[in-house]
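Q: Would you mind keeping the following structure in view while I ask a few things?
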Amino acid sequence: MATPLSPAARAFRVGHAAIAAAFLLAIAYVWWCALTGRRDLKLKVAVAALVAEGVAVGANRGDCPLGGLQDGLGDATPLFELVLSPRAARRAVPVLGGVTAAGIGLLAHRAR
């Protein structure tokens, strides 16, 4: 049986999940705007946040930059492994990065 998480690790996991959900919503919003032609401040914020996250993940060699903090709190289970198989979880970041890049690329293409 696994050791129960500390209150700090549980709180961090909830915060980490909220951040991940916000990024998933940002990806969906980028695609919505790319497909509908909508352009607004929320789109600019979503693109900026996704680009910043991509830079942070790239600087961390493809891993979530919060993973080390999570490990330090005693939570060794990667966030995506809470909802996906280990194999699918390892592929989630590159796949989501590709989906994001494609959405931003479509935005740029349609802006011309």
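The values are calculated or read from the model by the stated rules, or taken from the named source; none is laboratory data. Keep in mind that what you see is a predicted model, and the values were worked out from it rather than measured. Cβ placement follows ideal geometry from the backbone for every residue including glycine, while neighbour counts extend to all protein chains displayed. Ligands, DNA and RNA are excluded from the accessible area calculation, which covers all protein heavy atoms including side chains. Shrake-Rupley method; radii C 1.70, N 1.55, O 1.52, S 1.80 Å.
Q: Report, by residue number, each residue of the stretch 1-38 that is aliphatic (A, V, I, L, M), open to solvent by 50 Å² or more (accessible area, probe 1.4 Å) and over 15 Å from the mean Cα position of the chain (by Cα).
A: M1, A2, A8, A11, L35
Q: Also, quick follow-up: Of the residues that sit in the stretch 39-55 and are more than 11 Å from the chain's Cα centre (by Cα) and aliphatic (A, V, I, L, M), which one is surrounded by the most Cβ atoms within 10 Å (Cβ to Cβ)?
A: Selected residue: A46.
Q: Where the second residue is assigned to a helix (DSSP H, G or I) and open to solvent by less than 60 Å² (accessible area, probe 1.4 Å) and the first is farther than 22 Å from L43 by Cβ and lies in the stretch 89-112, which pairs have Cβ atoms under 6 Å and are six or more apart or on separate chains?
A: Close Cβ pairs (under 6 Å, with a partner that is assigned to a helix (DSSP H, G or I) and open to solvent by less than 60 Å² (accessible area, probe 1.4 Å)) amount to A89/F80; A92/F80.
Q: Select, from R90, R61, R112, the only residue that is of a type in the set (D, E, K, R), on the phi > 0 side of the Ramachandran plot and at pLDDT below 95.
A: The conditions single out R61.
Q: Residue check: is L73 in contact with a helix residue (DSSP H, G or I) (Cβ under 6 Å, 6 or more places away or on another chain), open to solvent by 40 Å² or more (accessible area, probe 1.4 Å), modelled with pLDDT of 95 or more and not acidic (D, E)?
A: When the stated conditions are applied, L73 passes them.
Q: Same structure again: Any residue in the stretch 40-60 that's without any contact (Cβ under 8 Å) to a residue 24 or more places away in the chain: show its pairings with residues that are not in a helix (DSSP H, G or I) at Cβ separation under 6 Å, as long as the two are six or more apart or on different chains.
A: A56/P65
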